[in-house]
Every structure is written in C-alpha cells, then in structure tokens.
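See below for the structure under consideration.
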Amino acid sequence: MAVEEILDQRIIDLNMKAKNKEEVLSYLAELLKRAGYIDDLNGYLQDVYLREQEGITGIGNHVAIPHGKSDSVKQVGIAIGKTDQMIEWESYDGEPSNLVFLFAVPRNSEGTKEHLRLISELAGKLGNGVTLEKLRMAKNYTELTNAFL
C-alpha cells in the first residue's frame, strides 16, 4: 500500500485553523475519530503524546510527522493538516511547522511494519523539493493527491 493509496479526503484539512501543536494534534485526531480510523480519541492522543516525548517529529522544511502506535487505531491512516501560520514544533532544523502528517497506526506487529514502511516512503517523497512545493501549494484534495504522483 502506497501513501497516495491511503489518502482519505475525510481526514485532510488544507485550511486548518489551529494555533498551536496541541490544537493541531487534537483536531487531526478528531478527524480520524469521526472517519472511523480510531475508536478512542483520548487513548490515541495519549499514545501520540507519549511518542512526542521520545523524540522530534518535526522533520524540517516546516513539516511534522507525529505518530503513535495505539490500540485505539482500527485502520491505518494519515490525517493531513496545513495551516496558514507557522506552529511551534520541535524539529531537526529548529523551524516551526505548518504542514502536518499525523499517522494512525495499530500497535500490533503488522501495523508497526506498515507504519515504518509508510513513514519511510513519506519521508522520501517529502525529501523531493518538487513534491514538497506541490504539497505546500495544494489547495484541495485533488492537488494534494497529485503532488504524490
């Protein structure tokens, strides 16, 4: 399964109004809950924050890929949010983020394997300057999915 194959319009907001990291994570997790990807919002968020404490999830270039393996996840998914303002986020380049990919991954071993593969694939795509610029400019779901092709 490729990144572009699991993109779901229901869990993407390219005009997110969040003002800080907590609002970003809560909002994207709520999208995952409403779309049926997770069954326990608080449990999932707790696992995401646990992972946030373990290390940096801001990969640089104003992009963050927070994630957390959780028993609350029913289906692998990536909620995507983009804000018009920069959000303080711990990152490798010390810069804030405004493009966030929140992974929902089951805790089981199959979920872990899929998570590692998807994160690696996404990081590779985000390392491509052309793809990253297309993602930054995307104004709707179609433009976002086309950026990954």
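The values are calculated or read from the model by the stated rules, or taken from the named source; none is laboratory data. Everything numeric in this text was worked out from a predicted model, so none of it was measured. Quick reminder, even Gly has a Cβ in these numbers, built from the backbone with ideal geometry, and neighbours come from all protein chains shown. For the accessible areas, the whole protein counts, side chains as well, though only heavy atoms, and no ligand, DNA or RNA atoms are used. Shrake-Rupley method; radii C 1.70, N 1.55, O 1.52, S 1.80 Å.
Here are the numbers for the structure shown:
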{"quantity": "Residue ID - modelled with the lowest pLDDT, chosen from residues in segment 48-87 that are closer than 19 Å to D13 by Cα and charged (D, E, K, R)", "calculated": "D84"}
{"quantity": "L45 being assigned to a strand (DSSP E or B) and at pLDDT 95 or above", "calculated": "no"}
{"quantity": "From E121, E133, E95, residue being out of contact with any Pro (no Cβ under 8 Å at 6 or more places or on another chain), modelled with pLDDT under 90 and not in a strand (DSSP E or B)", "calculated": "E121"}
{"quantity": "Flag if I59 is closer than 17 Å to L132 by Cβ, in contact (Cβ under 8 Å) with a residue 24 or more places away in the chain, open to solvent by 20 Å² or more (accessible area, probe 1.4 Å) and β-branched (V, I, T)", "calculated": "yes"}
{"quantity": "Filtered residues of segment 31-40 (kept if surrounded by 16 or more Cβ atoms within 10 Å (Cβ to Cβ) and either closer than 17 Å to D71 by Cα or without any contact (Cβ under 8 Å) to a residue 24 or more places away in the chain (or both))", "calculated": "L32, K33, A35, Y37, I38"}
{"quantity": "Extreme residue, surrounded by the fewest Cβ atoms within 10 Å (Cβ to Cβ), among residues of segment 67-88 that are touching a helix residue (DSSP H, G or I) at 6+ places or on another chain (Cβ under 6 Å) and not in a strand (DSSP E or B)", "calculated": "V76"}
{"quantity": "Residues that are in contact (Cβ under 8 Å) with a residue 60 or more places away in the chain and open to solvent by 50 Å² or more (accessible area, probe 1.4 Å), drawn from segment 1-22", "calculated": "M1, E4, Q9, N15, K17, K19, N20"}
{"quantity": "Which numbered condition R51 fails, given (1) under 25 Å from T145 (Cα atoms); (2) in a helix (DSSP H, G or I)", "calculated": "(1)"}
